[in-house]
Amino acid sequence: MVRHFSIRAADCPSYYVIGDIIRVRVTGSETHGAYSAVEVISQPGGGPWFLHTHEPQETFHVLEGVFEVYGQDENGEKYAIRADVGETVQVAAKVPHGFRNVGERVGRMLLIYEPADPMLRFVVVPEWRWIAG
């Protein structure tokens, strides 16, 4: 049976991953593996400082602050997309990319991964994270 549900902010597990706080909002077990959603809280200059790839496609939606989603296309050309509050950037699966907070204040984004589980497995790997209080 499919049911509606809500998740209180205080009930979301939080992790410190490569300099950012990640709050898990929705997991694959709650969406039958279709997608997962996390909130990223990033200090100015924060975000992964390297290009990386992963299986799920990734959607970035800026809640607070100013971010840059950067990457490399199939020809090896580098690019950057600036995203302000309310803007959304989509990155296809297996495309080299990263993001950084280019604003002067703490920023927040909602990230959606499709399919759900590969990225959450990364977030909760003990070698990569610390529980954020």
Q: Report, ordered by the first and then the second residue, all pairs with beta carbons closer than 9 Å, sequence separation of six or more or different chains, a first member in the stretch 9-31 that is farther than 15 Å from residue 116 by Cα, and a second member that is polar (S, T, N, Q) and open to solvent by 60 Å² or more (accessible area, probe 1.4 Å).
A: 19/43; 20/43
(Q) Based on this model, can you work out whether residue 113 counts as at pLDDT below 95, within 14 Å of the chain's Cα centre (by Cα) and either open to solvent by less than 30 Å² (accessible area, probe 1.4 Å) or under 14 Å from residue 20 (Cβ atoms) (or both)? (A) yes
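Of the residues in the stretch 58-79, how many are surrounded by 13 or more Cβ atoms within 10 Å (Cβ to Cβ) and over 17 Å from residue 39 (Cβ atoms)?
Residues of the stretch 58-79 surrounded by 13 or more Cβ atoms within 10 Å (Cβ to Cβ): 58-72.
Narrowing the set further to residues that are over 17 Å from residue 39 (Cβ atoms) leaves 68, 70-72.
Total satisfying the criteria: 4.
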Q. When you look at residue 93, is it among the aliphatic types (A, V, I, L, M) and either open to solvent by 60 Å² or more (accessible area, probe 1.4 Å) or farther than 21 Å from residue 114 by Cβ (or both), yes or no?
A. no
Q) When you look at residue 52, is it open to solvent by 30 Å² or more (accessible area, probe 1.4 Å), modelled with pLDDT of 95 or more and either under 24 Å from residue 13 (Cβ atoms) or touching a Cys at 6+ places or on another chain (Cβ under 8 Å) (or both), yes or no? A) no
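Out of all the residues in the stretch 1-21, which are β-branched (Val, Ile, Thr), open to solvent by 20 Å² or more (accessible area, probe 1.4 Å) and outside any loop (DSSP other than H, G, I, E, B)? Write out each step before concluding.
Our first condition is that a residue be β-branched (Val, Ile, Thr); within the stretch 1-21, this holds for 2, 7, 17-18, 21.
This time we only want the ones that are open to solvent by 20 Å² or more (accessible area, probe 1.4 Å), so: 2, 7, 18, 21.
The answer is 21, and nothing else.
The values are calculated or read from the model by the stated rules, or taken from the named source; none is laboratory data. Being a predicted model, the structure only gives us computed values, none of them experimental. Note: ideal-geometry Cβ built from the backbone for every residue, glycine included; neighbour counts use all protein chains shown. Calculation scope for accessible area: heavy atoms of the full protein, side chains included, ligands and nucleic acids excluded. Shrake-Rupley method; radii C 1.70, N 1.55, O 1.52, S 1.80 Å.
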